[in-house]
Amino acid sequence: MEWVLWLIFFIMNLLLMAANIYQLICLADLEADYLNPYELASRMNAVIVPEFLLHGAFCILFLVTGHWFMFLLTLLPAYYNAKKYLARQHLIDVTEVFRVLNAEKKARIFKLGFYIVFFVLVITRLAFSVINAVFDEDDDLAITKVPWYLMLWFALEAMPR
Amino acid sequence: MGTENPKHPTYQLRPAATPFAAPQSATPFVSSGPVVGSEASAFRPAPPSSQIPTPPFSSGPLVGLEAPAPGYRPPSLGRSNEIVRPPPPPPSSLANGPPLTGPFQRFPAPQFTTTGQVPAPHTFGQPAVLPPTRPPGGAISSPPVSLQPYPQPSPISMGSSPQNIKTGQSSMSFPPSSDQPFSPPRPNVQPSSPPMGPSYPIARGNFQPPFPGYASLQPNTVAQAPGQPDSFSSQHGGYGPPAPQIPFLAQQRGYMPVPPVPPVSAPTGLYARDQMQHYGIAPPIATSQGLAEDFNSLSLGSVPGSFNTGLDPAALPRPLEGDVEPKSFAEMYPMNCSSRYLRLTTSGIPNSQSLASRWHVPLGAVVCPLAEAPDGEEVPIVNFATTGIIRCRRCRTYVNPYVTFADHGRKWRCNICSFLNDVPGDYFAHLDASGRRVDLDQRPELTKGSVEFIAPAEYMVRPPMPPSYIFLIDASISAVKSGMLEVVAQTIKSCLDNLPGYPRTQIGFITFDSTIHFYNMKSSLMQPQMMVVSDLDDIFIPLPDDLLVNLSESRNVVDAFLDSLPSMFKGSMNVESAFGPALKAAFMVMSQLGGKLLIFQNTLPSLGAGRLRLRGDDIRVYGTDKEHALRLPEDPFYKQMAADFTKYQIAVNLYAFSDKYTDVASLGTLAKYTGGQVYYYPSFQSTIHGEKLRHELTRDLTRETAWEAVMRIRCGKGVRFTSYHGNFMLRSTDLIALPAVDCDKAYAAQLSLEETLLTTQSVYFQVALLYTSSSGERRIRVHTAEAPVVADLGEMYRLADTGAIISLFSRLAIEKTLSYKLEEARNAIQLRIVKALREYRNLYAVQHRLSGRMIYPESLKFLPLYGLALCKSTPLRGGYADVQLDERCAAGFTMMALPVKNLLKLLYPSLFRVDDHLLETEEFHNILKKRLPLTSGSLDTSGLYIYDDGFRFVIWFGMSLLPGIARNLLGEDFAADYSMVTLSEHDNDMSRKLMRILKKPAVLIAILTGFYNYTDKSNKKRNILFHDPDDSIDSRQPPVMVN
């Protein structure tokens, strides 16, 4: 049932990406004067803490399921989040939004890029785990013994050049 | 002048150029410097024959100014101060003074008032014979002659008289030919003269005269070591004609025509010709003047073998005239709004980003939209009732003097975005032959840079609010004990009649200690009813109405309340402060209407939300990376409240009085983000600080205030305002929300170029402030200004405005202290100033061989001084021990809001000596003109001084002041400890006079004045002047000197 696990990862990753995109849109709206700072702050601040919690769960889930490499990767944004939180700078400050606007946007774009990379990783793992599961049910093909990265390599080799 | 001098009748004119011209061209002027300098060598005996022929020329208008001896410093210093002007013209031209032949004028002595003057009677041209020191009286001029010996000095001297200056300058520009000093025709004389004494004065004298237009020249003077060869030679070269000095544009524009003076000198050389043109025609010949840049210089080397640094403190430029606004620029663009309202750090906008990056000073503007206008210059009010307000359809710019009409008056072109708009039918007017509207003179919006439009209903979200004031007053024990409560109640009561907006004004009171007290002021009551709310967690308002009442209706109740307020809490022993909940309560009362919230806070908030704790006790934090956190608000509660206040159009003014730490850093954010102000009275005692509080509170309550305002600064294509600095909150990227604005608030903004290259000729700026006046009218105040786009860095420097630059610097630095150490903030300023001056130096130094000295543009001559003053100002000074944390923060909030003039005054306060006046030997108005430099050297122990920084007066009693004076002023207890004395009017002339002086400047200054007395008995002299920039200058050079 590994694919269920990967499905959970996949959904979490989607949510994280959505949260980031939402925040970026809010910031862009502010810049274009579609939002005033008060609305912006209330909207974004509502999302920020859940996002941090979700990311924490994401991170820990990798740890407990033994995906060391993925865990280490998620540790980077987790560290960033924790640092901001501890410095109490994670929320948007209504009075100074415009001063930090560019920095906030940049930080979120980086995070989004990070999640996109993750998205690719997670979706491949999901695909392979599904394939594995399907083959498992069918019969005992040796493919189950093949590690996922070898499978990926074979797949790439097989691709027409 | 020559005529005037009896002594020098013999002057001869030179045949002007001819003699010199060719042959010596290179070395035309020997600077007097040589004379001055000890170096005899410099002088060469008379140069070649060429010089010899000196036709007798008489005129010497150029030269001859005499400086009255008074200011003069004994030459003994060993250094002479001199100004070096870059010699404009190429060496070849012998600029001889001759061309200058101005009418002879005698310059009035007063001009020379500058300190270091030498009675330098000689103009150069004069026969050397002149006694070096002349009696002040005679003006000497032997200009034509000028060529000769002391050509250099002469030009300067000319400066003194305006006319002369101009002429002189143009003509005078001397060949820099520095290297070869040649001795003038009358070489003999000079050499003979003893190096220092007489000759010295001469040189100096010339320099000294301040140009009228200009701040005093003196400042420019450089101390020079006589002995040094290097400096010496450089001087020669350096002396240029004063011409460059004409502030700003003058150069470019050419000299004004001088009264026709016959060109005395025959235009022999090129130079001569140039000169002729200049003065004869006054054409702006920029090209020939390529060299004539206006910069001044200061040499800094030390004299070998002497213990002194080469710097003579008395020679440094000092802004004794106060803030001098760049006037020439305003004349160039008469339709611009006054510099009271908008000042650019440089009026020359760079045309490319690369140019902008070489201008190391920030590019930006300081806006004071409601600055007080002198009588007769009020902003005209325009009512567009029938047509609606005319604005550009695309960029929303308001119609202004710079829009152009086209298509027979049916269209108008926006000056900011170039969009062609239709002219509404009711606004239509025909154009005359020159394309101007025929009704131009009835349209102030098309002729004046500042106008006010009456805004129709579409500019209102709700009906215009009435002015409303809520007072939130701390009633804990310390507030009662210090007398704060009493002073505040009295002051408010005395201001009730003058509150703006009668009869619509609303007023309300809330007091708090560990509970919150509301007062029902309903007009039908005889006495106010007090209601106490002690549930701090869930604040509610006991009455929906009647807490905020109409002043004119409830006047009796309000009076009764204010009378009883001090006694109401007399026996209170409450030491707690439920400030946060009280703030919330005030917010609930005001949120319907908005208005102004005045907070009188005496005890660190200790109950409920917004509780604060003692910070800053831990000395170990200072000097570390965490230090700045102490200057930041601790609890986000206050920021959040401030944001809410702004949203509901509430402005907060904070008056803090605590004698202990009260966390102004946190509380001040309330004022910062609501467009308010912070007043801080450390250890308030009503006997000492009462007067100051009364004055400040009165001004706060009675000055004209604009309500529920928003402000936006628009600018032309290619440039953009990127950041704003001051006390306000941004509502969108460029919209400044200001719940209340008044004339004492200014806002700064930084500009950046959006395009790599600007192709337009000029850039326009438009400040629009939409507000509700106290009378209940919605208005839009619009200030428009044009600034030329320039391609030359030198031009940017010439058009720079020190006041605006310093204002912007101070705001940037204060903001920097919120996230970095103090030291870093100071270094950042210094670095930028050094970079800016170095860049300037690179522009000119090489070409004029001014090695070893600092050169700076006329427009920025006070920049280093103000920069230093800024670094010594309260928010930035020293380390943790130098200023209390609260004081630092409060000063920071204050400086973030100050208009340019007040800021400069705060940075470089004025100092007057008044005992002479009190003894009736001197006229009152003379005293105010005689500002003294802020050095400990200007304090004489037998004098009585007033020191005025716009916020307080310090009266300094010299130790050996005549006891009679002190007795008259202070009453019989004058011998007691001066620091505890209060100054009040006594029944004698002297005391009345002093009080009159104190009141007068108070009016002029417009901000507040408190009264402090100090004496030097306890060695307080240093303390008073501690933060004065000049003091201790000997031990510490201004930052710029680094170069």
Next item on the list: Residue by residue through the stretch A:61-109, note down the ones that are at negative phi and of a type in the set (Gly, Ala, Ser).
Entry: A:Ala78, A:Ala82, A:Ala87, A:Ala103, A:Ala107
Check: How about the stretch B:422-462: which of its residues are assigned to a strand (DSSP E or B), more than 29 Å from B:Ser339 (Cα to Cα) and either touching a residue at least 60 places away in the same chain (Cβ under 8 Å) or out of contact with any helix residue (DSSP H, G or I) (no Cβ under 7 Å at 6 or more places or on another chain) (or both)?
Finding: B:Asp422
Next item on the list: Can you tell me which residue within the stretch A:24-43, out of those that are more than 11 Å from every other protein chain (Cβ to nearest Cβ) and either touching a helix residue (DSSP H, G or I) at 6+ places or on another chain (Cβ under 6 Å) or among the basic types (Lys, Arg) (or both), is farthest from B:Asp644 (Cα to Cα)?
Entry: A:Leu24
Notebook entry, point to check: Among the residues of the stretch B:636-652, how many are surrounded by fewer than 24 Cβ atoms within 10 Å (Cβ to Cβ) and either more than 10 Å from chain A (Cβ to nearest Cβ) or within 18 Å of B:Asp744 (Cβ to Cβ) (or both)?
Noted result: 2
Next item on the list: Scan the stretch B:408-421 for residues that are in a strand (DSSP E or B) and closer than 19 Å to B:Val382 by Cβ and jot them down.
Entry: B:Trp412, B:Asn421
Notebook entry, point to check: When you go through B:Arg504, B:Arg555 one by one, which is the residue that is over 22 Å from B:Val487 (Cα atoms) and charged (D, E, K, R)?
Noted result: B:Arg504
Notebook entry, point to check: Taking the stretch B:470-510 on its own, how many of its residues are polar (S, T, N, Q) and either under 19 Å from B:Val589 (Cβ atoms) or without any contact (Cβ under 8 Å) to a residue 40 or more places away in the chain (or both)?
Noted result: 2
Notebook entry, point to check: So A:Thr65 fits all but one of (1) within 14 Å of chain B (Cβ to nearest Cβ); (2) within 30 Å of A:Tyr149 (Cβ to Cβ); what number is the exception?
Noted result: (1)
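Residues checked against (1) among the polar types (S, T, N, Q); (2) under 12 Å from B:Phe912 (Cα atoms); (3) at pLDDT below 65:
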| site | (1), (2), (3) |
| --- | --- |
| B:Leu932 | no, yes, no |
| B:Tyr945 | no, yes, no |
| B:Asp948 | no, yes, no |
| B:Val954 | no, yes, no |
| B:Arg967 | no, no, no |
| B:Leu970 | no, no, no |
| B:Phe974 | no, no, yes |
| B:Ser979 | yes, no, yes |
Next item on the list: Mind telling me which of the residues B:Leu499, B:Leu485, B:Leu472 ends up being in contact with a Ser or Thr (Cβ under 7 Å, 6 or more places away or on another chain) and crowded, with 18+ Cβ neighbours inside 10 Å?
Entry: B:Leu499
Next item on the list: Would you check if there is a residue in the stretch B:605-619 being within 13 Å of chain A (Cβ to nearest Cβ) and hydroxyl-bearing (Ser, Thr, Tyr)?
Entry: no
Next item on the list: Name every residue in the stretch B:349-394 that is within 17 Å of the chain's Cα centre (by Cα), of a type in the set (Val, Ile, Thr) and in a loop (DSSP other than H, G, I, E, B), in order of residue number.
Entry: B:Val361
Next item on the list: Scan B:Ala791, B:Ala785 and give me the residue that is crowded, with 22+ Cβ neighbours inside 10 Å and either in contact with a helix residue (DSSP H, G or I) (Cβ under 7 Å, 6 or more places away or on another chain) or over 23 Å from B:Glu627 (Cβ atoms) (or both).
Entry: B:Ala785
Note to self: Of all residues being within 19 Å of B:Leu598 (Cα to Cα) and aromatic (Phe, Trp, Tyr) in the stretch B:704-753, which is nearest to the other protein chains (Cβ to nearest Cβ)? Just the residue, please.
What the structure shows: B:Phe728
Checklist line | Those residues of the stretch B:625-669 which are without any contact (Cβ under 8 Å) to a residue 60 or more places away in the chain, among the charged types (D, E, K, R) and under 22 Å from B:Arg888 (Cβ atoms), in sequence order | finding: B:Lys626, B:Glu634, B:Asp635, B:Lys639, B:Lys660
Next item on the list: Among what's in the stretch A:118-132 and is closer than 14 Å to A:Met12 by Cα and of a type in the set (Val, Ile, Thr), pick the residue that is surrounded by the fewest Cβ atoms within 10 Å (Cβ to Cβ).
Entry: A:Val120
Margin query: Among the residues that make up the stretch A:71-79, is at least one of them in contact with a Phe, Trp or Tyr (Cβ under 6 Å, 6 or more places away or on another chain), within 13 Å of chain B (Cβ to nearest Cβ), buried (at least 16 other Cβ atoms within 10 Å of the Cβ) and not basic (Lys, Arg)?
Written below: no
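The values are calculated or read from the model by the stated rules, or taken from the named source; none is laboratory data. In this text the structure is predicted, and so the values were computed from the model without any measurement. Note that we place each Cβ from the backbone using ideal geometry, even for glycine, and neighbour counts take in every protein chain shown.
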